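**Student:** Please read through the structure below; I'll follow up with questions.
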Amino acid sequence: MRQASKKKIKVAGMVSFALSLVPIGGWLLPNPFGFHGEDERGEFDGRWRGTIVHSSGERWDLDITIDVARKTGHFSLASTTMRCAGDLTVLADSAGRLRVLERLTRTDLGTCTPSAYITLSPESGHVHVTWQDAAVPSVTGGGDLTRG
């Protein structure tokens, strides 16, 4: 009886050690928690660039970089009257849409909105973006961005 117990303990220890060497999420289950690995890029991850049209009619060049898994990103916005940049925080990623909060950290020219909401929706080969001032929701913009 004592020999059988020692064998069971030894086998259990070997199995535990072997399993500790295998990343369970990648081996047994296909990405069970939805996390993006270093080589895996989500639908919205990466750099996006394009032009959006503000509700005033002014055209803005928007350049954003997003890391959905880390819920962060950066943006820069430029036109003939303003140049600004800041950070993005992912608020929601569901139903084929990504919603982020834009927070201004730098203004190089003109007057820039301190915070705004950006929503990205995938289209064929690009994303459609809507922009909305967080303080004045009637101030909006929209356009298309491509990977870049």
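Bear in mind that the values in this text are calculations on the coordinates, not laboratory data. The model shown is predicted, which means the values in this text are computed figures rather than measured ones. Note that each Cβ is placed from the backbone with ideal geometry, even for glycine, and that neighbours are counted across all protein chains shown.
**Student:** What is the local net charge at residue 115, summed over the other residues whose Cβ is closer than 11 Å to its Cβ (Lys, Arg +1; Asp, Glu -1)?
**Tutor:** Net charge around residue 115: -2.
**Student:** Then there's this: Which order, highest average first, do 92-98, 71-77 follow once you tally other Cβ atoms within 10 Å for each residue and take the mean per peptide?
**Tutor:** Answer by packing, highest mean first, reads 71-77, 92-98.
**Student:** Still on this structure: Under the 0.36 nm per residue contour assumption, what length would be gained going from the current alpha-carbon distance of residue 82 and residue 65 to full extension?
**Tutor:** Fully extending the segment from residue 82 to residue 65 adds 4.1 nm.
**Student:** Check residue 144: other-chain or 5+ apart residues with amide H under 5 Å from its amide H, H built from backbone geometry?
**Tutor:** 51, 129
**Student:** Read phi for every residue in segment 72-88 and hand back ³J(HN,Hα) as whole Hz from Karplus 6.51 cos²θ - 1.76 cosθ + 1.60, θ = phi - 60°, with x for Gly and Pro.
**Tutor:** Values, residue by residue: 9, x, 9, 9, 9, 9, 9, 8, 6, 10, 8, 8, 8, 8, x, 10, 10 Hz.
**Student:** While we're here: Could you work out the local net charge near residue 132, counting Lys and Arg as +1, Asp and Glu as -1, over the other residues with Cβ closer than 15 Å to its Cβ?
**Tutor:** That sum, taken over residues with Cβ under 15 Å, equals +1.
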